[in-house]
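The values are calculated or read from the model by the stated rules, or taken from the named source; none is laboratory data. Values in this document were obtained by computation on a predicted structure and should not be read as measured data. Reconstructed Cβ throughout: ideal geometry from the backbone, glycine too, with neighbour counts over all protein chains shown.
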Amino acid sequence: MSHHDFPAEPGIYTFFNKQGQVLYVGRASNLQTRLAKHKADYDHVKSWISFFDEHYELLNSRIMEAVRGKHVRSFDRICRSIGFPLAMIESTQVIDCCYDRIDSIKTNACAPEELDLQEAKKIRSLKPPFNLQGNRDIAASERSKFLPANYLRTIAMSNLLAHYSRIFAMQSVGEF
């Protein structure tokens, strides 16, 4: 699926997985450019997601060791080492982090003034799990079925780091 396979015109696009389920619906003033951006964003984060997946147990044990021993410097070093890539992944659209789950893409040309309305209609009717806005009917547990395990572990690592960062911050404030 090369972005060159798609027209450089406005339209609505739909991502499907191997089972033919709709994963995401989007709109673009230039389909070719927007679809290329999804792939580029995935290429930007995929190595970090693989890193956190591969080193999850080791990083988790180091974080827990620092937390249990109240080793603030050690915990701070861990945060400074992995905080930025975790924040980068968290700030990337979920569909872009899971781009490898996309098996096919369908596009429909659409007049620029109709893009918002057509996208909203399609999201409302198809209820794709990766469209978070305008699609709050789907429970988080249902959405997570479509997420790859390596992405879920990366988000768990990010949540763990954020949780203990807040605890250390509250403890240090309480010491004054």
LYS106 in contact (Cβ under 8 Å) with a residue 60 or more places away in the chain, of a type in the set (D, E, K, R) and in a strand (DSSP E or B) | yes
Positions within region 122-176 being modelled with pLDDT under 75 and more than 18 Å from the chain's Cα centre (by Cα), in sequence order | ASP137, MET170, GLN171, SER172, VAL173, GLY174, GLU175, PHE176
Matching residues in region 133-161 - criterion: being surrounded by 15 or more Cβ atoms within 10 Å (Cβ to Cβ) and either farther than 18 Å from MET64 by Cβ or without any contact (Cβ under 8 Å) to a residue 24 or more places away in the chain (or both) = ASN135, ILE138, ARG143, PHE146, LEU147, ASN150, TYR151
Can you pull out the residues in region 81-103 that are loosely packed, with under 15 Cβ neighbours inside 10 Å and part of a helix (DSSP H, G or I)?
-> SER81, PHE84, ALA87, MET88, SER91, ASP100
Any chance ALA162 is hydrophobic (A, V, I, L, M, F, W, C) and either more than 21 Å from PRO85 (Cβ to Cβ) or touching a helix residue (DSSP H, G or I) at 6+ places or on another chain (Cβ under 8 Å) (or both) | no
Subset tally (residues that are crowded, with 16+ Cβ neighbours inside 10 Å and assigned to a helix (DSSP H, G or I)) for region 1-43 | 8
Qualifying residue in region 59-80 (condition: within 30 Å of ALA120 (Cβ to Cβ), in contact with a helix residue (DSSP H, G or I) (Cβ under 7 Å, 6 or more places away or on another chain), not β-branched (Val, Ile, Thr) and not in a strand (DSSP E or B)) | no
